[in-house]
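Chemist: Structure provided below as structure tokens; questions to follow.
The values are calculated or read from the model by the stated rules, or taken from the named source; none is laboratory data. What you see is a predicted model; the values in this text were computed from it and never measured. Cβ sites come from the backbone with ideal geometry, for glycine too, and all protein chains shown count toward neighbours.
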Ligand code: HEM
């Protein structure tokens, strides 16, 4: 009897502490979409898995220009909306809000890619400082791999329509083209390496989902035992290790006299990593992490654009005419890609309507923060912006729910608006690539690659859906957005091609 009274007191004390923290310490003042009371908030978290789009939209409509919160299974997401607050979030320095720590929480980077990679993300520097600057010189390789990969994966003829499962095929093509640049030939065509590059994302997601259920102090132990991505590292080392070792040997033997030293992404990574005393395992992790950031983002983005094209084949002709004119003048070059204004607009408009995630600008508050509207956000909170709701707001885009392929190329004609509306440009209203200091560093490479792929598609194929004119709806899982993974597009080799 005494025991049960003791347990009742302990339970009552715990509930009181929880209610006190909920009311006075946590994010009580921030309005909630779904229940906010402890435990009941899990109802909202579970609803988020299948209704994130509606919940983010509801929050945006009720609190536009303000802040609201949504429960996830392991944390609250605090959503800031409207240009003023997005700009404030963008401007906050890394000491106050950290992209890296947000990524750690959302991807569990320390366990899925390793502490060294998390603590020293040199791949970002390599993408910014080397990859982006070399786009013109690597473009011939990108083009060569696009032609070869499309021929292998979409061998359509001109006399009949070939059904193609677009998303998996585009994952393969994007993986191959990107890896032509990341690790070069012959590895970019190695089937098992490509399978690893594509599936590693899923492996990371599985490890991350599992770790979510454990409290922070247990994560290193659980991470050690259940971390599937270690197997990815083992396989990655088996594929890339011998090439890396060979290059390390030559660096040691020839030093500055190594006359035919490769000038490619793998070598930039090796150079910077060895300068910092890192080994083969970490070099492989950087390559895997770059693939993780590049492949699913880019293949989703391309598939979305292709679905718009297949649902509206009347857009093929104007795109084809533009590509034809520009390529005759410039050949298949980076300069040509810059001149493809309609095609650029098509990609940007597709990504406006179908980004890779319903939220963007993910940041973790490292210190207590007070926004200009007076709202207080305690250290440790995850802050995001509602990308899809903002992109679909009529105040930001006229007839925002209508796919208008030339929306941005028309705007580019206006005085002083030349660069603002390009595929790669970010703003407080366009956050598909994030915005500010941590905006996607790979977007310049991605834009060139994806535009070259779309240009190749319109120059070589006719496309349509079997169910003509009907675009399959996007699939949401929690806040992630994907094109229908099962949809097929019919491809036919262009009859007036040669
Ligand atoms: C259409 C394709 C892509 C989309 C939609 C996309 C989107 C994004 C977004 C939304 C972010 C977070 C930005 C923020 O929160 O402010 C990001 C970050 C990042 N992306 Fe991309 N991305 C794409 C392609 C790529 C490619 C091809 C690469 C590599 C070559 C890449 C590498 C990265 C990296 C390394 C980061 C982290 C940046 C940092 O730590 O500061 N992305 N991307």
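Chemist: Restricting region 475-489 to residues that are buried (at least 18 other Cβ atoms within 10 Å of the Cβ) and over 22 Å from residue 177 (Cα atoms), which is nearest to the chain's Cα centre (by Cα)?
Modeler: Once the filter is applied, the top-ranked residue is 481.
Chemist: Something else about it: Is it true that some residue in region 370-377 is within 16 Å of the ligand (Cβ to nearest atom) and either touching a strand residue (DSSP E or B) at 6+ places or on another chain (Cβ under 8 Å) or farther than 30 Å from residue 54 by Cβ (or both)? Spell out the reasoning first.
Modeler: Filtering region 370-377 down to residues within 16 Å of the ligand (Cβ to nearest atom) leaves none.
No, that holds for no residue.
Chemist: Ok, one more. Residue under question is residue 366, and the condition is that it be more than 30 Å from residue 394 (Cβ to Cβ) and either away from the ligand (no atom under 14 Å from the Cβ) or crowded, with 20+ Cβ neighbours inside 10 Å (or both); does it hold? Walk me through how you get there before you give the answer.
Modeler: Working: more than 30 Å from residue 394 (Cβ to Cβ): yes; either away from the ligand (no atom under 14 Å from the Cβ) or crowded, with 20+ Cβ neighbours inside 10 Å (or both): yes.
So residue 366 fits the description; yes.
Chemist: Within region 283-293, is even one residue part of a loop (DSSP other than H, G, I, E, B) and over 11 Å from the mean Cα position of the chain (by Cα)?
Modeler: Here is the first cut: in region 283-293, the ones part of a loop (DSSP other than H, G, I, E, B) are none.
Scanning region 283-293, I find no residue that is part of a loop (DSSP other than H, G, I, E, B) and over 11 Å from the mean Cα position of the chain (by Cα), so the answer is no.
Chemist: Looking at region 403-421, which of the residues that are assigned to a loop (DSSP other than H, G, I, E, B) and crowded, with 19+ Cβ neighbours inside 10 Å is modelled with the highest pLDDT?
Modeler: Filtering region 403-421 for residues assigned to a loop (DSSP other than H, G, I, E, B) gives 403-406, 413-421.
Checking which are crowded, with 19+ Cβ neighbours inside 10 Å leaves us with 405, 421.
Numbers: 405: 98, 421: 92.
Result: 405.
Chemist: Another one. In the list 459, 453, which residue meets the criterion of being in a helix (DSSP H, G or I) and either over 17 Å from residue 346 (Cβ atoms) or away from the ligand (no atom under 16 Å from the Cβ) (or both)? Before the answer, list the steps.
Modeler: Numbers: 453 fails: either over 17 Å from residue 346 (Cβ atoms) or away from the ligand (no atom under 16 Å from the Cβ) (or both).
None of the other options fit; the residue is 459.
Chemist: Being closer than 30 Å to residue 242 by Cα, within 16 Å of the ligand (Cβ to nearest atom) and free of Cβ contacts under 8 Å to residues at least 60 places away in the same chain, is that true of even one residue in region 271-283?
Modeler: Filtering region 271-283 down to residues closer than 30 Å to residue 242 by Cα leaves 271-283.
Narrowing the set further to residues that are within 16 Å of the ligand (Cβ to nearest atom) leaves 272-273, 282-283.
From what's left, free of Cβ contacts under 8 Å to residues at least 60 places away in the same chain: 283.
Within region 271-283 (the criterion being closer than 30 Å to residue 242 by Cα, within 16 Å of the ligand (Cβ to nearest atom) and free of Cβ contacts under 8 Å to residues at least 60 places away in the same chain), the answer is yes, since at least one residue qualifies.
Chemist: Taking the condition within 16 Å of the ligand (Cβ to nearest atom) and part of a helix (DSSP H, G or I), does residue 310 pass?
Modeler: Values: within 16 Å of the ligand (Cβ to nearest atom): no; part of a helix (DSSP H, G or I): yes.
No, not satisfied.
Chemist: Restricting to region 105-116, and then to whatever is in a helix (DSSP H, G or I) and away from the ligand (no atom under 11 Å from the Cβ), can you tell me which residue is surrounded by the most Cβ atoms within 10 Å (Cβ to Cβ)? Full working, then the answer.
Modeler: First, the residues of region 105-116 that are in a helix (DSSP H, G or I): 105-107, 109-112, 115-116.
Retained after the next criterion (residues that are away from the ligand (no atom under 11 Å from the Cβ)): 105, 110-112, 115-116.
Values: 105: 19, 110: 17, 111: 24, 112: 29, 115: 11, 116: 19.
Across region 105-116, the extreme among qualifying residues is 112.
Chemist: Follow-up. Of the numbered conditions (1) within 13 Å of the ligand (Cβ to nearest atom); (2) under 25 Å from residue 91 (Cβ atoms), residue 420 fails exactly one; give the number of that condition.
Modeler: Every listed condition holds for residue 420 apart from (1).
Chemist: Here is a further query. Take region 117-130 and flag every residue that is crowded, with 17+ Cβ neighbours inside 10 Å, closer than 18 Å to residue 98 by Cα and more than 10 Å from the ligand (Cβ to nearest atom).
Modeler: Selection gives 117, 118, 122.
Yes or no, residue by residue, for (1) farther than 26 Å from residue 177 by Cβ; (2) within 16 Å of the ligand (Cβ to nearest atom); (3) touching a residue at least 12 places away in the same chain (Cβ under 8 Å); (4) surrounded by fewer than 15 Cβ atoms within 10 Å (Cβ to Cβ):
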position: 213; (1), (2), (3), (4): yes, no, yes, yes
position: 233; (1), (2), (3), (4): no, no, yes, no
position: 252; (1), (2), (3), (4): yes, no, no, yes
position: 265; (1), (2), (3), (4): no, yes, yes, no
position: 287; (1), (2), (3), (4): no, yes, yes, no
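Chemist: I'd like to know if region 135-156 contains one or more residues that are over 22 Å from residue 492 (Cα atoms), assigned to a loop (DSSP other than H, G, I, E, B) and within 21 Å of the chain's Cα centre (by Cα). It would help to see each step written out before you state the result.
Modeler: Here is the first cut: in region 135-156, the ones over 22 Å from residue 492 (Cα atoms) are 135-142.
Imposing the further condition that a residue be assigned to a loop (DSSP other than H, G, I, E, B) reduces the set to none.
Looking for residues that are over 22 Å from residue 492 (Cα atoms), assigned to a loop (DSSP other than H, G, I, E, B) and within 21 Å of the chain's Cα centre (by Cα), one finds none in region 135-156, hence no.
Chemist: If residue 325 satisfies every condition in (1) modelled with pLDDT of 95 or more; (2) within 16 Å of the ligand (Cβ to nearest atom); (3) under 26 Å from residue 137 (Cβ atoms) but one, which is the exception?
Modeler: (2)
Chemist: A further question on this structure: Can you name every residue in region 69-104 that is assigned to a loop (DSSP other than H, G, I, E, B) and within 16 Å of the ligand (Cβ to nearest atom)? Before the answer, list the steps.
Modeler: The initial filter retains those residues of region 69-104 that are assigned to a loop (DSSP other than H, G, I, E, B), namely 72-75, 81-82, 92-96.
Listed by number, the residues that qualify are 81, 92, 93, 94, 95, 96.
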